[in-house]
Amino acid sequence: MALTKKQREELKNKFGGRCAYCGCELGSKWHADHIEAVKRDIIHVGKGKLVTGEMTRPHLDTIGNMNPACVPCNTNKSSMSLESWRYMLNHYRDVQLLRDSTHARHLHRFGLIEIKQEPVVFHFERLEVCGG
């Protein structure tokens with residue numbers, strides 16, 4: 001669904017002009033994220049793939065199923081559910097970060113970064129707990 005300018009502004013302000021997920025302040029470049037993905041048709045052509053843009057779940061293309069998201073969060077979340085994305089973020093922290101990044105391991109060794117074993121809580125969830 002193409003959002004009107006007014007709908008887009010209202011969506012941006014849904015959480016005080018902040019990304020629903022990480023809480024960063026949204027500038028002029030931000031995405032309207034489908035909370036539950038509308039999923040798009042993918043056609044495999046040779047070794048590549050082509051996204052046609054046709055929605056396989058068009059009933060989810062509503063403003064009520066959208067959150068304002070910064071570009072990095074929306075890109076990383078992709079078409080995952082919130083729980084799948086939360087699991088993936090935990091996996092990045094618990095398995096991949098120190099295993100796959102020599103830079104991160106070195107910074108961790110020098111005490112310059114700290115890996116916290118706290119659960120992933122999205123910005124909008126913190127607001128709900130606080131009554132915001």
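The values are calculated or read from the model by the stated rules, or taken from the named source; none is laboratory data. None of the values given here were measured: they were computed from a predicted structure. Don't worry about glycine lacking a Cβ; one is built from the backbone with ideal geometry, like all the others, and counts go over all protein chains shown. Side chains included, ligands, DNA and RNA excluded: accessible areas come from the protein's heavy atoms. Shrake-Rupley method; radii C 1.70, N 1.55, O 1.52, S 1.80 Å.
Under a Cβ-only charge scheme (Lys and Arg +1, Asp and Glu -1), can you give me the dipole magnitude of the range 31-132 about the Cα centre, in debye to the nearest 20?
Numbers: 13 positive and 12 negative charges, 96 e Å.
In total the dipole reaches around 460 debye.
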For the chain, what does the accessible surface come to per residue with a 1.4 Å probe? Please give it in Å². 68 Å²
Run through the range 94-132 and list the GluC sites (Glu not before Pro) located in a DSSP loop whose Cβ has at most 12 other Cβ atoms within 10 Å. Glu114
Shape call for the range 1-59, from the Cα gyration tensor axes a ≥ b ≥ c (a/c under 1.5 means rounded, otherwise prolate when a/b beats b/c, else oblate), comes out prolate
For the range 24-114, give the percent of accessible area contributed by carbon and sulfur heavy atoms, probe 1.4 Å, rounded to a whole number. 58 percent
Tell me which label goes with the value of Rg and Dmax of the Cα atoms in Å computed from the coordinates here: [x] 14.4, 44; [y] 17.5, 51; [z] 13.5, 40. [y]
Tell me, which longest segment in the chain has none of the trypsin sites (Lys or Arg not before Pro) that fall in DSSP loops with at most 16 further Cβ atoms within 10 Å? 48-115
Calculated [θ] (222 nm, deg cm²/dmol) that DSSP helices of n ≥ 4 give over the chain, each run adding -39,500 (n - 2.57): -9000 deg cm²/dmol
Total lysine pairs whose alpha carbons fall under 23 Å of each other in the chain (8 or more apart, or interchain): 16
